[in-house]
Each structure stands twice: as C-alpha cells, then as structure tokens.
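Student: My questions all concern the structure below.
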Amino acid sequence: MERFAELLDRLVLTPARNGKLRLLTDYFATVPDPDRGYGLAALTGGLDFPAVKPAMLRTLTTERVDPVLFAYSYDYVGDLAETVSLIWPADGGTEAPALSHVVERLSHASRSDAPAVMAKLLDQLSPSGRFAAIKLATGGLRVGVSARLTKQALAEFGGVEIQEIEELWHGLTAPYSDLFAWLEGKGPKPENAAQAPFRPVMLAHPAAEADFSALDPEAYAAEWKWDGIRVQAVAEGGIRRLYSRTGDDISGAFPDLVEAMDFDAALDGELLVGDPRSTTGTFSDLQQRLNRKTVSRAMLADYPVFMRCYDLLLLGERDVRALPYAERRPQLAAFLAELPDDRFDLSPEIAFTSWQELDDKRCHPPHPVIEGVMLKRRDSPYLPGRPKGPWFKWKRDPFTVDAVLMYAQRGHGKRSSFYSDYTFGVWSGPAEDPVLVPVGKAYFGFTDEELRQIDKYVRDNTVERFGPVRAVRADLGHGLVLEIAFEGLNRSTRHKSGIAMRFPRISRLRWDKPAHEADRIETLEAMLPAG
Amino acid sequence: MMQPRDLLRSRPEGLYCPPGDFFIDPVRPVARALVTHGHADHARAGHGSVLATRETLDIMALRYGEDFAGATQEAALGETVSIDGVRVTFHPAGHVLGSAQIAVEAGGTRIVASGDYKRSTDPTCAAFEPVPCDVFITEATFALPVFIHSNAEEEIGHLLTSVRRFPERTHIVGAYALGKAQRVIALLRKAGYSETVFIHGALVKLCAYYEGVGVSLGPLQPATVEEDGAAPPAGAIVVAPPAATDDRWSRRFADPLSCFASGWMRIRQRARQRGVELPLIISDHADWGELTDTIREMGAAEVWVTHGREEALVRWCELNGIAAKPLHIAGYEDEAE
C-alpha cells in the first residue's frame, strides 16, 4: 500500500506529462502482481466500493476528533481525504496491508460493516497510506492522471500501440495479470473476451487549427454538431451496450434506448432528449438523465432519450471502419431506415459550396440545440483517437456578457485558500438606481497569475463574510468587471434572475471597465430562446 | 495579585507592558522594545532601545546595520533584569539561534511570552525551556490537528534519496534565510553529506555568523558567481530563500528540482500551489502535538493564543478545561516561515 501511496503523492506533484509516464511505467515495472493490477484498476476508475461514502468518513472521523477542530481543519486543507488522513488519531501499524488486501477488504465490506473495515484500515496505515486508501475507497483519485494517460503508460511499458490496449480493455478485469503477462512478453495477447466491446471513437480537431484556404470544400461533408453527449451503441450476439466516448458503459442509465437496440451493429452518435420526429431537447433536459444509477418511470416518460447517428462502425459481422466516410454514410442511412424512428435518426448533412456559405449557416443554425458544425473528409476511414486532418469541429462562437463580481468562495483542491469561485451579476431595475442581480458562477477561464490578482482584489474589497464566502464590494462606482463567456441560456425558476447560464467561464478580466458600464439583465433576456 | 491584563496587553504597536513601559516584538518603532528573535516580523529596525539576546542583537545588526536601534542591551539567558519594577527574564525558545521566551513578572503575576518556538531537536539552537507561569502566551502558526511535522532527519533522507535518484538535476531547497537554511545544512552534515552546499547570496552573512558562534556547516559556496567554472555542478544542492526558488534566479541551474523545507509542506495542495516537486516537512514552529503538549506542561492558569490559527487552539483549550483567549496582534506574517 505504501508504494501505491508514494505513487499518488509523486503524481500529484509532478507537473510534466513525461514525468508522470515515467512514474507510472516505473510502478508497473517494479511492483509485482496482483498489486500493480489493482493500482492500474484504481487509476483507470475500474474499482468501485459503493459501501464507502465521504459522509461515512466524516462521521468516523468526528467520532474520534472534535467536530469543531475537524471543521477548522477541513476548511483550511480543502480536501476531505487529506484532512481525514492527517487528523486521524493513529500512528499507523508496523504491518501496513498490501494494496491487494486493501482492495479485498473493501470489496467484501457491506454497507453495515464498511465503517468498521475502513476504520481498521485507517488505523493500520501512515497518513500517506490513509490518503491513498480513502481516495481508493471513495473513487476519483484526482492525481492529474487520466485513464487514457495510464493506458498510454501501459502501452509504453509493453511497447505496443495504445489502441491495442483500448480495444482489449473492456474484456479485461482487475488485477489484469494476463494483460501484464502479454506486455512483458511472458504470455499471449489476451483474447477480446468482452461481448459487444467498445471501439475507440474518432475525435475532431478544432477548426481554428485548420487552414481553410488550403482545404477544398468539395472534399468535405458537413453536419450539425448537436449539443448532447457523444455515445456508441453496440449490439452483438444479443449483448447490448451503450458507451460514453471514453468507453464507460452507461447502458444502465438508458434502458429506453437500450431496449430499442434490436440490431447487430455498432453506431456512433449523439445522445439527446426528446423525440427525433418532433423535438430535440436542450442539454439541461439531457442533464436530468445523466449520472443516474436508476431511472424512474416518470423520468423515462418526461425525458425520453434518442440517438442522432453520425457514423457506422460495424454492420452485422462486417467491420466498416476502414471504408471511406462517403461509403459508410449511405450504409448508415439505409441501416437507420429499419430502426424505430422514435429512438434513432440520421444526423442530417448540410449542403454547402464554399466555406463562407458554411460559416453563414454555422452562425445561423436552424435549431437552438446546435453548437456548431462538423467537417468530415469524404475519403477518410474511421480512425481511433484524434487524427489530424480528416475531421474538424467548428463551434459556434461563445456568447459573452460583461458582469460584476459579487461574491467569491474559497476553492478546493489545488485552489484551496484562494478565492477562486466567483458569483457575478448584471444590472437590473431602474436605470437611475440599478441593483446587481446574480446570473451565474464561474470558477475557471483565468490563469494562475490572474487568480492571484482576483484573490487579492477579493481580500482587499471584502464587505461581508459568510463562512467560506466573501461578499465583494460592487456598486455603481466600484467593482470588478468580468467578461463571461457562455454557451447558451436557459430559463430557470431556481435562480432569482430567471436565467441559467450554460458552461459559463471567465474570458477576460476587465480591470479597465467601470462597474456601471457592465451589461444589464435585458441584454441576457434578449438571448433567451423563445418560449 | 496583579491582573494579567494590567501586566501585558495588546496594542496596535504590539504586546505592551504598562508598568514597565515596554513592548515585546513591536511591529512599529517604539521607545523601548524587547525582542524574542531575529525574524523580520518580530525584530524591526528603528526602536529607541532594544533588549534581546546577544545572538538576536548580532542578527539584527547583520540585517539592518549597526545603527538599527538607538541603544541596545544584551539579555543573558536565565538572568533577571528589572525594568521600572517589572522583572524580565529571557529563556531559550528552541526556534532559531538566539530565540528566547520572555518572562515578565510584577505584583506576584508572571506571564511568559514565548514568541515562536518548537520542541523538536535542532542542532543550531538551544532547546526550549518550560518556565512555570500564570499566563502562557503561545504562537499558533501550525495550530490545527492536521499539522504533524515529520521527523526532520527522515525528511533530509528524502532529499538525499532524490539527489541520488536524479543526479542530473539541481536540487534547490527553499528555506527561510535565518534559522531554517542553517538547520537544513546542519542536518545534511549530520546525515553524512560532505559535498559543497551552494547558498544564495541572501544566506551568506547569516551562515558565516552561525559558523562564527560554533554551528559547523561544512563546505559552503555562493551559488551565483560571475567567473566560469564555479557554478554548482548538476546534482548539487542549492539552498535559497523560498521566494528565489520559483523565481528567474533558479532557472540558471541544471534542470532545477524545486524543494521546500517548511511545515506548510504537510498539506499536498500547498506544495502543489507553489510548484514544489519535493516537499520537505521541516519546521521551526511547534506542530499541533508540540503546542498542545507544551500548554499542558506549562500548567498556566490561562493561555493567550496569538498569530496563526488562534481559534483552533482556543477550542482545544476549552475542551481540555484550560482558560484561553485569542490575543489579536496585527503585523505578524502567520503564513511565512
């Protein structure tokens, strides 16, 4: 366990990607089975211990430590796992359990005995080991390493291509001994044991990186970029799975769509809410359905999902990924014609003859749930990853508004102790005596240096404190104007302003702009979709 | 018996003794100052007269010039002097070379102002000495139960392991110029490291002073000199004030690996925010265990808590049936070390 804890500690503090890869390959090379396999599972999000919840850890700790001292400490440290690991009143035993034993004990814990199992583990580990055990048990290591980077390290460790690992991945289980044996040249390549496996998706580069003057419009097809989530629907030999674009199996949350997957094929498309024959819901409608373990009957009725299909990967037994787009597309259209039209439709192509014409259409999309256009070279095969050249995404420009900073909240994690979450408002009420009404919250879009500047501004201009939140002076003659970029607006009954912003972030600090020149609420109201 | 607040109370300038008409560690120039130790936020220039230990007076002279005060008087440890009827005694605090607690006594009441202190061993200064008192004034820099300082020798072991593992990289150790830097170097020597240690210009005079009073630091060289060939080789250890480690200054060295010797390094995100790759949890302040053990050991009827996380230590005192209150004195850098 201590070796895994050390790996996490070092990953957190190693900024360079190559440094992280070196730490990971070192770990795979020096830690024996089965521990390295469980380490791999933890880093790729493959372990789930539903019996352990952050609230339980908090309870366990405050049974042992004064809750007030715990609260002061948590407020200061800004991370629950780290606070608990440091404040836990034990020195750690001499016999720290191995990672595989920790995993075993956690996976056998029921909801009722999980607190005792966890407490015993924490007693036996050092502060660093406790931190690792908590991160492991509650999921989400957040050590700046994605599942993909971990797989990249595996590929480098074994001298194979990352796509080989991604294709195999869903048929493998922790502790991955057969995978390591293959990567070390001691065993055969594992068979792809998963039925209806995930195929790595093809991703696009931003159009900003394209040199349009050098691109021939006739060589590209264009279609709308819909604002849902990218999914892959695979049905093979009676097994049906719906995957997210990173290969997570999300079938359980969408039984309505899975039920309609009565075919043998693999489709790439956008998951959306509504009925493709009449309505396409917004992203906030779709959010009602995301990240749910179970779905109520009412939810299924009120927010039905469907798939707007972009591409065809597999048709029956035939892998069509090597065919050019121009040949896949008609096969996709023909295939979809046979599917239930309340659950599947074809993402329409956009006719255009010049980039200027396409840009005009991009700026005036026919539907509010469109966030831009996709360009696909007609002769391109379906390639895993993000190859340069065949696909481009050309997003609608974001909306912007000038708002005034009203409240700042202390951040967590990397930003703990900095005021890094900002609530901002626009002017409302009579023109001669306006008041600020909050319209959103943003916590990124600025550099570390700008964060320090805003943090100082917040501290120097605090007018009131509410726990971790400070009210910042903001009136007609004094205030910090933030240019906020966002992807769209929705009506909201939960916000006083009646407006909810989608994906707001700070695009510029307007130190130069007087607070009274910030925008008014009417500017935002004019951007609301009709209805 | 004199009421404690008639003997010492906080004023904007600092902790004030009305019957003796003096301040302890004033943050603004005053007529008569008693100074616990040489860190800049406690020892300021421009007072009419300063009473402090020989080492603290020397360090102030090194930092501010010989004329840092109108007059100076040396306080010998353990010897009592009388100031307008107030009996004043300096006792070692274990924080840095020359650091002292100041016991103030009048009308049958004794208050100990401990300044900054620690209880773990430090080869560069005298150890903290508990003094019985009615009121104990304690610092609270690391007064949260999450602050548990590691054993300093083990932390130096991590540094030496890293130097062996990354022989191509220059290890730049951020350490406060007075006290921490010399302690890190002395600990390296104790661990058997005999290579030349390269030091930032801001450390040169202080290291020489430590050597002069008998703290052996081994071979030292300035890290930055103009002539060719004198630059630290790859794999060297360079000690510099914390601000210099993430500054342009550090980029002249071979693939610098940023280290920081501080109690704050206990919190991962503090290390991350500063871009520290190798945190060394070495502190010259008491950690939570030392603070609470010391308060118990002193057995004072009342505890006053200052600079740092006062609320947590006051809470602990309440839970343990010890009368305590925060003493708000502005001007100390509670996050600097």
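Here, each number is a calculation from the coordinates, and none is a lab measurement. Since the model is a prediction, treat every value here as computed from it, not as a measurement. Note that each Cβ is placed from the backbone with ideal geometry, even for glycine, and that neighbours are counted across all protein chains shown.
Student: I'm a student and want to see the number: the projected area of the Cα convex hull of chain B, averaged over all directions, in nm².
Tutor: If I average the Cα hull's projected area over directions, I get 16.6 nm².
Student: Please sort by residue number the chymotrypsin sites (Phe, Trp or Tyr not before Pro) in region A:397-478 whose DSSP state is loop and whose Cβ has at most 14 other Cβ atoms within 10 Å.
Tutor: Numbers: sites: A:Phe399, A:Tyr407, A:Phe418, A:Tyr419, A:Tyr422, A:Phe424, A:Trp427, A:Tyr443, A:Phe444, A:Phe446, A:Tyr457, A:Phe466; in loops: A:Phe418, A:Tyr443, A:Phe444, A:Phe446.
Answer in residue order: A:Phe444.
Student: Figure the gain on full extension for B:Val27 and B:Gln221 (residue separation times 0.36 nm, minus the Cα-Cα span) and round it to one decimal in nm.
Tutor: 66.4 nm
Student: Right, here's the next one. Note the full-extension length gain between A:Glu191 and A:Gln163 as 0.36 nm times their separation in residues minus their Cα-Cα distance, in nm to one decimal.
Tutor: Net length gain for the segment: 8.6 nm.
Student: Same structure again: For chain A, just the Cα set please: Rg and Dmax, both in angstrom.
Tutor: 25.9, 79
Student: Please compute the modelled spin-label separation between A:Glu349 and A:Thr59, points set 7 Å along Cα→Cβ, answer in nm with one decimal.
Tutor: Label-label distance for A:Thr59 and A:Glu349, simple model: 5.9 nm.
Student: Follow-up. In vacuo Debye scattering of region A:103-235, one point per C-alpha: log10 I(q)/I(0) at q = 0.09, 0.19 Å⁻¹?
Tutor: -0.50, -1.19
Student: Could I ask something else about it? For peptide B:143-150, how many partner chain Cβ atoms fall within 10 Å of a residue's Cβ, on average?
Tutor: Values: counts 2, 11, 11, 15, 5, 4, 0, 1.
Per residue, the average neighbour count from other chains is 6.
Student: Here's another thing I want to ask about it. Going by C-beta contacts inside 10 Å, put A:Ser128, A:Ser107, B:Ser114 in order with the fewest on the left.
Tutor: Placing the least packed residue first, the sequence is A:Ser107, A:Ser128, B:Ser114.
Student: Follow-up question, since we're still on this one. Can you return the lysines within cross-link range of A:Lys225? Criterion is Cα-Cα under 27 Å, with same-chain partners fewer than 8 residues away left out.
Tutor: A:Lys361, A:Lys376, A:Lys388, A:Lys393, A:Lys395, A:Lys441
Student: Just checking the output field for B:316-323: average partner chain Cβ neighbours within 10 Å of each residue's Cβ? Intermediate results must be reported in sequence, preceding the final value.
Tutor: On the way: counts 3, 0, 2, 3, 0, 0, 0, 0.
Other-chain Cβ atoms within 10 Å of each residue's Cβ, averaged: 1.
Student: Can you list the residues, at least 5 places off or on another chain, whose amide H is less than 5 Å from the amide H of B:Ala223, using H built in the peptide plane?
Tutor: Close amide H contacts, sequence-distant or interchain: B:Ile199, B:His200, B:Gly201.
Student: With Rg and the Kirkwood Rh both taken from Cα atoms, where does Rg over Rh land for region B:54-182?
Tutor: With Rg and the Kirkwood Rh in hand, the quotient comes to 1.07.
Student: Compare the Cα positions of A:Leu24, A:Leu136, A:Thr279 along the charge dipole of the protein assembly as shown (+1 at Cβ of Lys, Arg; -1 at Cβ of Asp, Glu; about the Cα centre) and return the one farthest towards the positive end.
Tutor: The residue sitting most towards the positive pole is A:Thr279.
Student: Given R₀ = 35 Å, FRET efficiency for A:Asp264-A:Lys388 by Cβ-Cβ distance, to 0.05?
Tutor: 0.60
Student: Testing the spin-label approximation: label points 7 Å from Cα along Cα→Cβ at A:Asp211 and A:Leu290. State their distance in nm.
Tutor: With each label point 7 Å from Cα toward Cβ, the separation is 3.6 nm.
Student: Still on this structure, please answer the following. So what's region A:2-138 giving for Cα Rg divided by 2.2 N^0.38 Å, two decimals? If you can, show how the numbers build up before the last one.
Tutor: On the way: Rg = 15.0 Å, N = 137, 2.2 N^0.38 = 14.3 Å.
This ratio for region A:2-138 stands at 1.05.
Student: What do you get when you divide the Cα radius of gyration of region A:205-394 by 2.2 N^0.38 Å, with N the number of residues?
Tutor: Ratio of Cα Rg to 2.2 N^0.38 Å: 1.03.
Student: How long is region B:126-225 along each principal axis, judged by its Cα atoms, biggest number first, in Å?
Tutor: Result, largest extent first: 54, 33, 22 Å.
Student: Still on this structure, I have one more. Can you list the aspartates and glutamates whose alpha carbon sits under 12 Å from that of B:Lys180, skipping same-chain ones fewer than 8 residues off?
Tutor: Excluding near neighbours in sequence, the set is B:Asp122, B:Asp284, B:Glu337.
Student: Once fully extended, how much extra length lies between B:Asp255 and B:Asp293, figured as 0.36 nm per residue of separation less the alpha-carbon to alpha-carbon distance?
Tutor: 9.4 nm
Student: A further question on this structure: Please order A:Phe306, B:Phe128 by the number of other Cβ within 10 Å, starting at the fewest.
Tutor: So the residues, fewest neighbours to most, are B:Phe128, A:Phe306.
Student: Provide the convex hull volume over Cα atoms per residue for region A:163-271, in Å³.
Tutor: Value for region A:163-271: 169 Å³ per residue.
Student: So what is the diffusion coefficient of region A:373-470 in µm² per second by Stokes-Einstein at 37 °C and 0.692 mPa s, using a Kirkwood Rh over Cα pairs?
Tutor: Numbers: Rh = 17.0 Å.
In µm²/s, the coefficient is 194.
Student: I would also like to ask the following. From the gyration tensor of the Cα coordinates in region A:288-359, what semi-axes in whole Å does the equivalent ellipsoid have, largest first, with each one equal to sqrt(5λ)? Spell out each step's value before the answer.
Tutor: On the way: eigenvalues 173, 77, 28 Å².
Values for region A:288-359, descending: 29, 20, 12 Å.
Student: Another one. Under Stokes-Einstein, with the Kirkwood radius over Cα pairs standing in for Rh, what whole-number D in µm²/s applies to region B:152-280 at 25 °C and 0.890 mPa s?
Tutor: Calculated translational D: 169 µm²/s.
Student: Something else about it: What angle do you read, to the nearest 10 degrees and between 0 and 90, between the alpha-carbon axis of helix B:152-165 and the longest principal axis of chain B?
Tutor: For helix B:152-165, the angle is close to 10 degrees.
Student: Suppose R0 equals 30 Å; then what is the FRET efficiency for A:Arg378 and A:Arg277 from their Cβ-Cβ distance, rounded to the nearest 0.05?
Tutor: 0.60
Student: Counting just the Cα atoms, what span does region A:399-525 cover along each of its three principal axes? Round to the nearest Å and put the largest first.
Tutor: Extents along the principal axes, in whole Å: 36, 30, 28.
Student: Return the calculated 222 nm mean residue ellipticity for chain B, to the nearest 500 deg cm²/dmol, obtained by summing -39500 (n - 2.57) across DSSP H runs with n ≥ 4 and dividing by the residue count.
Tutor: My calculation for chain B gives -6500 deg cm²/dmol from helical runs alone.
Student: How well do other chains shield peptide B:266-279, expressed as the mean number of their Cβ atoms within 10 Å of each residue Cβ?
Tutor: Neighbouring Cβ atoms belonging to other protein chains average 6 per residue here.
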